[in-house]
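Notes for the one structure printed next.
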Amino acid sequence: MAEMGKGVTAGKLAINVQKRLTRAQEKVLQKLGKADETRDAAFEEMVANFNKQMVEGSKLQKDLKTYVTAVKTLHDASRRLQDCLADMYEPDWFGKEEMDALAEDTDTLWLDYHQSITDKSVTSMDTYLTQFPDIKARIAKRDRKMVDFDSARHHFASLQKGKKKDEAKIAKAEEDLGRAQKIFEELNVELQDELPALWDSRVGVYVNTFQGLAGHQEKFHKDMSKLSQNLNDIMTKLEEQRQLKKDGTAAAKTEDGAKSEEADISETASSAPKVRQRLGPPPSRPPPRPSLTPDPGQQQVSLFDDEASAPDSKAESATTTTTQQSAVTNGSDGELPPGFIYKVKAIHDYDATDGDELELKMGDIVLVMGFDNQDEQDDGWLMGVKESKWLQEKDASAKGVFPENFTQKF
C-alpha cells in the first residue's frame with residue numbers, strides 16, 4: 001500500500017471518500033429533481049463577473065508581456081543598427097564623437113524604457129492576478145460546502161419524516177446540518193464581500209496600467225525624438241561636408257582643365273596658325289553675282305586675258321593662280337583632270353546660302369578651278385566642283401564657290 005501523505009490518516013481518507021460519494025449522490029438527486037438545491041442568483045452573477053475578470057486580466061497580462069518582448073527585440077535591433085553605423089562612420093567625417101555619444105544615449109533610452117514598463121506595468125498586472133487563484137479555490141470550496149449543506153439538510157429532513165424515529169440519529173443529523181450550514185455561510189459571506197470589491201478594482205488596475213504605459217511611452221518617444229533630430233542634423237552636416245568637398249574637387253578640375261585648354265590652344269596657335277583661321281566663319285560675300293559660264297577648256301586663256309586688266313589688288317592672286325596653272329600644265333599633278341588647279345578637302349560642313357555656292361560636307365573632295373573673270377573672285381572664296389560629281393558626269397557645270405577656310409589643300 002502506498003504511503004500516505006504527511007498528516008493524512010486512514011480515517012481522514014475514509015471521511016474524504018465518503019464526502020465525495022455523498023456529494024455525488026446529492027448532485028444526482030438534485031438533477032433528477034428529487035432533492036432541493038440551494039440557489040443564490042446574486043452570488044452566481046458575482047462568480048460570472050469573477051471568471052470574466054480573471055480571463056480579461058490573464059489576456060492583458062499575456063499581451064503586456066508580448067509587448068515587452070517586442071520592445072526588447074526593438075532595443076536589440078536598435079543597438080545593432082547604431083553599432084553598425086558607428087563602425088562604418090569614418091574618423092574624419094563630421095560629428096564622429098557626437099555619433100558615438102548618440103549611439104550610447106539611444107541604447108540607454110531603450111534600456112530605461114524596457115525596464116520601466118516591465119517594473120510598472122507588467123509587475124503590477126502580475127500582482128493583480130496573484131489573488132485570483134486563491135479566490136477561485138475558495139469559490140470551489142464554497143460550492144462543495146453548499147452541496148454538503150444541502151445533503152445534511154436532506155438527510156435531517158428524511159430522518160424526521162421516517163416512521164421510526166431514532167432520536168440519536170436525528171440529533172446527530174441535526175448537529176451535522178448545523179456544522180455544514182455554518183461552514184457554508186462563513187465562506188459565502190466572505191466571498192459576497194470580496195467578489196464585488198475585486199470586480200470594482202479592475203477599473204483602477206486598468207487605469208494605472210495604461211496610464212503608466214502611456215506615460216513611459218510619451219517620455220520615451222519625446223527623448224527619442226530629440227536623439228533622432230540630432231542624428232538627422234549630423235547626417236545633414238555630413239552631406240554638406242561631402243558636397244563642399246565635391247564642389248571643391250570639381251572646381252579644381254575645371255580650373256586645371258581650363259589651364260590645360262588654354263595651353264593647348266596656345267600651342268596650336270603657335271604651331272599651326274593657318275588651321276585656326278580655318279575654324280572661323282566664312283568670309284562675307286558681296287551681293288550675288290551673275291551665274292558663271294563653265295568652260296574648262298578656256299579657263300587658262302581667260303585667266304591670262306584678264307590678267308592685264310585686273311586691278312593691282314588682284315595682281316598677287318592672279319600671279320599665284322598662273323603659277324598653279326603652270327604647275328598643272330607642266331604635269332606636276334597628273335591626277336587632276338584638265339582645267340583644274342588643285343584639290344582641297346572639306347574639313348567642316350558648309351551650308352550654301354546662295355544659288356551659286358557649293359554645299360560641303362566634311363570629307364568632300366573639291367577640284368578647284370580658276371574664275372573666268374578675276375574681278376568676280378571674292379577674297380577668301382574659291383571656285384570648284386566636287387570630285388564625285390565630276391567623276392559621275394564629267395561636267396563642270398555643277399561648279400560653285402565655297403569658303404577657302406572650310407577646306408584644306410592636299
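What the table shows:
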item	result
Hz values of 3J(HN,Hα) by residue in the range 395-410 - Karplus curve (6.51, -1.76, 1.60), Gly and Pro given as x	10, 8, 6, 7, 6, x, 8, 7, x, 5, 6, 9, 10, 9, 6, 9
Heavy-atom SASA rank of LEU74, LEU102 (probe 1.4 Å, accessible area, largest first)	LEU74, LEU102
Global form of the range 157-234, assessed from the alpha-carbon gyration tensor, a/c cut-off 1.5	prolate
Entries in LYS141/LYS169; LYS31/LYS164; LYS96/LYS245 that, when Cα-Cα distance is taken, lie over 22 Å	LYS141/LYS169; LYS31/LYS164
FRET efficiency, 1/(1 + (r/R0)^6) with R0 51 Å, evaluated for ASN208 and LYS246 via beta carbons	0.35
Potential extension, LYS72-LEU111 segment - 0.36 nm per residue separation minus Cα distance	13.2 nm
Pairwise FRET efficiency - ASN49 versus ASP83, Cβ, R0 = 41 Å, nearest 0.05	0.20
Per-residue ³J(HN,Hα) for the range 73-79, Karplus 6.51 cos²θ - 1.76 cosθ + 1.60, θ = phi - 60°, Hz, x for Gly and Pro	4, 5, 4, 5, 5, 5, 4
Residue order for HIS348, HIS221 - accessible surface, 1.4 angstrom probe, largest first	HIS221, HIS348
Charge sum, other residues only, whose C-beta stays under 12 Å from LEU238's C-beta, Lys/Arg counted +1 and Asp/Glu -1	-2
Solvent exposure ordering (accessible area, 1.4 Å, most first) of ASP134, ASP379	ASP379, ASP134
Accessible area in square angstrom per residue, the range 166-250, 1.4 angstrom probe	66
Calculated FRET efficiency for the pair SER397/LYS96, C-beta based, R₀ 51 Å, to 0.05	0.05
Trypsin sites (Lys or Arg not before Pro) restricted to DSSP loop in the range 376-410 with at most 13 other C-beta within 10 Å	LYS394
Sulfur and carbon atoms: percent of accessible area, the range 35-94 [1.4 Å]	59
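The values are calculated or read from the model by the stated rules, or taken from the named source; none is laboratory data. Everything quoted here is computed from the prediction, not taken from an experiment. Virtual Cβ from ideal backbone geometry, glycine too; neighbours counted across all protein chains shown. Side chains included, ligands, DNA and RNA excluded: accessible areas come from the protein's heavy atoms. Shrake-Rupley method; radii C 1.70, N 1.55, O 1.52, S 1.80 Å.
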